[in-house]
Amino acid sequence: CDKIMPMTKLFKLIGGLIFRGLMEMLYFTLPRISWKFMYASADVLGVAFYRVWPKHRNITLKNLNLIFGKEKSAQELENIAIQNYKNMMRGVFESLRAPFFTDEEIKEHFTIEGESHLKDALAKSKGAICYSGHWGSFSLLAYILQRKGVDAHFVLRAPHDPQFRKFHSKVLNDSHAK
C-alpha cells in the first residue's frame with residue numbers, strides 16, 4: 001500500500017460503519033421491544049453521545065449560554081443539554097420504529113399540537129404548513145398525518161454519508177412517508 005489513510009479519515013470511516021451498523025440493528029430491534037425499554041435505551045444512548053461528542057456538546061452549551069446568559073447555572077445548562085440529547089435519541093428511535101406503528105400506538109404516544117388549526121384549514125380546502133425544529137420528529141409528523149388520511153409531505157436535507165442516505169431512504173420508504 002503506497003498511501004496510508006490519514007487517521008482522521010480512518011476514524012470517520014470506522015465511526016460511520018459503527019453508526020450505520022447501530023442504526024440497522026435498532027431498525028430490526030426497536031419494533032420488538034417495549035416502549036418503556038425503547039425510551040430508556042434512547043436516554044442512555046443520548047447521554048453517551050453527549051459525553052463522547054465534545055465538539056457538539058460544546059456547541060450545545062455555547063448556544064444555551066447565548067440563550068440563557070446568567071439566568072441559569074452551568075449545572076442547569078448541562079441538564080438542559082443532556083435532556084436535549086435524550087430527546088434527540090428518542091426522536092431517532094421513534095423514527096426508526098415508525099414503519100411498524102399500530103394505530104393504537106400512534107394514538108397513545110403522539111399528540112399533534114395545533115391539530116385543530118390543520119383540520120380547520122383542510123375543512124376550508126386550504127393547505128397548511130407544519131414546522132419542526134432541526135432535531136424534531138418532522139418525518140414522524142408527515143407519517144402520522146398520512147396515517148390519519150392527510151396528504152402530507154416534508155422536506156429535509158439528505159444525510160451526507162451515501163450509505164446512511166440509502167438506509168435513511170429505506171426507513172422513509174418503509175414508513176410510506178412522502
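Points to keep in mind about this one:
- Applying Stokes-Einstein at 10 °C and 1.306 mPa s to the Kirkwood radius of region 28-79, computed over alpha-carbon pairs, gives a translational diffusion coefficient of 123 µm² s⁻¹.
- MRE, 222 nm, helices only [DSSP H, n ≥ 4, -39500 (n - 2.57), over the chain, to nearest 500]: -22000 deg cm²/dmol
- Loop trypsin sites (Lys or Arg not before Pro), region 68-136, which have at most 16 other Cβ atoms in a 10 Å radius of their Cβ (DSSP): Lys72, Lys124, Lys126
- Spacing of the two label points (7 Å from each Cα toward its C-beta) at Val150 and Lys170, in nm: 3.0 nm
- At most 11 other Cβ within 10 Å, DSSP loop - chymotrypsin sites (Phe, Trp or Tyr not before Pro), region 93-150: Tyr131
- Highest GNM mean-square fluctuation among Ala48, Ala74, Ala152, for the chain modelled with Cα contacts below 10 Å: Ala74.
- Calculated FRET value between Arg51 and Ala123, using beta carbons and R₀ = 45 Å, to 0.05: 0.40
- Shape descriptor for the chain: Rg over Rh equals 1.02 (Cα atoms; Rh from the Kirkwood inverse mean 1/r).
- Share of carbon and sulfur in the accessible heavy-atom surface of the chain [1.4 Å probe, %]: 60 percent
- Length available on full extension from Phe37 to Glu71: 0.36 nm per residue minus the Cα-Cα distance, which gives 8.8 nm.
- Annotation: per residue accessible area for the chain equals 70 Å², rounded to a whole number [probe 1.4 Å, protein chains only].
The values are calculated or read from the model by the stated rules, or taken from the named source; none is laboratory data. Keep in mind the model is a prediction, meaning the values are calculated, not measured. Here Cβ is always computed from backbone atoms with ideal geometry, including for glycine, and neighbour counts include all displayed protein chains. Just the protein is used for accessible areas: all its heavy atoms, side chains included, with ligands, DNA and RNA removed. Shrake-Rupley method; radii C 1.70, N 1.55, O 1.52, S 1.80 Å.
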